[in-house]
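Notes for the one structure printed next.
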Amino acid sequence: MRSVEPLAEVDELVTLIYQGPLESQPWQGFLEALSRRMRCTSAAITLRVSRQGTPPLIIWGPPPAIAEKEARLVNQIHAELGDHDPLANALSKPGDIFTLSEVISDEELQNNRFFREIMQPYGIAYELGMYISEPGGWGGNVGLTNGPDAEDFTEADKQVLIALRPHLEQSLALFSRIRRDETELQVMIDTLDRLTICTFILDGSGRILRTNSAGRQLMKSNKAIRAADERLVLANKASNAQLQNLIGKAIETRRAGGHFTEALRVEGDLDRHLGVLVRTIETPTPHANDAAPAAVIYVSGLGNTQPLERLVSQIFDLTPSEAHLAALLATGLSLAEAAEKLELTENTVRSYCKTILSKTGVSRQADLVRLILRSVAVLG
């Protein structure tokens, strides 16, 4: 008879659950520890977004000892026969937890295609599964498997998974948030690539966290700018001293909860100049540490001029309507003239203007115009 260790000793599992979203293969460490803890053949998490047609994410611990080609074939068969999976079909709402033997008889199991073509060939005779979900739309099953020479899962095994459930669902919510933030950041970077605005995101120590493809292309094609010791460096010593000073000011201003935007013109190779703009990245909390994004550097230099509104929108995170108004103000129009041009009321335009001032970190319309003109003159 298998014996299960007391639940009080699952501290390692809880730690590994919260490390899971940061692993390259999410929760791999947790699943391997769980299979050892439960003395079973393997443990797995199968995740699905609440959207039909989206393939599931399946993580095994330990991974099945099969070749990559065979694994792809198994996944293909799994996708075709997934509707015949008796345990997955029984787990329909958060908190459901069943053994395979509770949801299907031995006779029915032997006639089940999913069992015959997926489970039986790989030595799976017993299963225990639990449904988990999070508010962002991710949901799925955490499960344990055993071979025909082992024993079925018990009520004590269920209690271990039930105790882990709140941690698993909280960790899944963190995973969802990380995936969402990474996607939003990638969309922004892809947009800047299309605009050929070279973008370098720095942390609170001035180190480069991320560079878009336009930035990498610029460093390959222009000797005036490079990365050294994870920092952005200009070849010209005087210009580099200016750049490092601006980066330092931006980081300090961000720590103080303020806004900073400053532009710099740098002579490059082949008689081309580089336009460099340094600005703070707003943080939702004043307690962000130095590992978080703190400043962004935009650099022009690939020879692609963009419309004024598009540059303003991307540099200052303005909506198209806000960017249109900012561009009109930069050309010398008053608020009343801009309102007439946009076919909006003056009150609406004033409201837009307040939002623009807040996003750009200036307090007066005249300062906004100078900021836009200076920035676009360098980058445009």
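The values are calculated or read from the model by the stated rules, or taken from the named source; none is laboratory data. Note that this is a predicted model, so its numbers are computed, not measured. When we count neighbours, we look across all protein chains shown, and the Cβ atoms used for this are built from the backbone with ideal geometry, even at glycine.
Tabulated values for the structure
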item	result
Some residue of the stretch 224-237 being at pLDDT 85 or above, among the polar types (S, T, N, Q) and not assigned by TED's automatic domain parsing to the domain that holds ASN141	yes
Selection count, the stretch 23-36, where residues are touching a residue at least 12 places away in the same chain (Cβ under 8 Å), assigned to a helix (DSSP H, G or I) and surrounded by fewer than 15 Cβ atoms within 10 Å (Cβ to Cβ)	0
Condition check for ILE201: crowded, with 17+ Cβ neighbours inside 10 Å, in contact with a Lys or Arg (Cβ under 8 Å, 6 or more places away or on another chain) and modelled with pLDDT under 95	yes
Scope the stretch 20-64; condition out of contact with any strand residue (DSSP E or B) (no Cβ under 8 Å at 6 or more places or on another chain), closer than 18 Å to SER133 by Cα and at pLDDT 85 or above; matching residues	GLY20, PRO21
ALA295 vs. criteria modelled with pLDDT of 75 or more and within 23 Å of ASP181 (Cα to Cα)	yes
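Residues checked against (1) surrounded by fewer than 13 Cβ atoms within 10 Å (Cβ to Cβ); (2) without any contact (Cβ under 8 Å) to a residue 24 or more places away in the chain; (3) among the small types (Gly, Ala, Ser); (4) not assigned by TED's automatic domain parsing to the domain that holds LEU164:
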site	(1), (2), (3), (4)
ASP85	no, no, no, no
SER92	yes, no, yes, no
ASP96	no, no, no, no
THR99	no, no, no, no
GLN110	yes, yes, no, no
PHE115	no, no, no, no
GLY123	no, no, yes, no
TYR131	no, no, no, no
TRP138	no, no, no, no
